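To start, the structure under review is shown below, and the notes come after it.
Coordinate-derived values only; no laboratory data. From a predicted model like this one, the values you see are computed outputs, not experimental measurements. Reconstructed Cβ throughout: ideal geometry from the backbone, glycine too, with neighbour counts over all protein chains shown.
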């Protein structure tokens, strides 16, 4: 039996930042689609420069708690992104009553992937932190 994908996301890459806007809940089917879309996008991102460093800004809407299978799938995707140039992640949780649990889950994900990660309450602060971090890392190379 095949299950339908639950959850929705949009991807946009601009100025070395991958923007993800997502609405859960997420199951492993939607995360399989997400991983495929990430692979396709990273192929385009790294076509010009395989050593390009970039970051992720993710905005999650609602109470999007991950199942253990979904968390494992996101760990694999985070590791893939890290292997292909992602050096930092900023996450924002909106309209959620489970922000503490979501932060715990995403902290585990990025710790496993060995990617610098912070949580923010607004997009402007998250974007500023990512831009400064990218500039710092790119100038130290």
Notebook entry, point to check: under 22 Å from residue 129 (Cβ atoms), touching a residue at least 12 places away in the same chain (Cβ under 8 Å) and either in a helix (DSSP H, G or I) or in contact with a strand residue (DSSP E or B) (Cβ under 9 Å, 6 or more places away or on another chain) (or both): does that describe residue 20?
Noted result: yes
Check: Could you list, in sequence order, the residues of segment 39-61 that are surrounded by 16 or more Cβ atoms within 10 Å (Cβ to Cβ) and either in contact with a helix residue (DSSP H, G or I) (Cβ under 6 Å, 6 or more places away or on another chain) or in a strand (DSSP E or B) (or both)?
Finding: 54, 55, 56, 57, 58, 59, 60
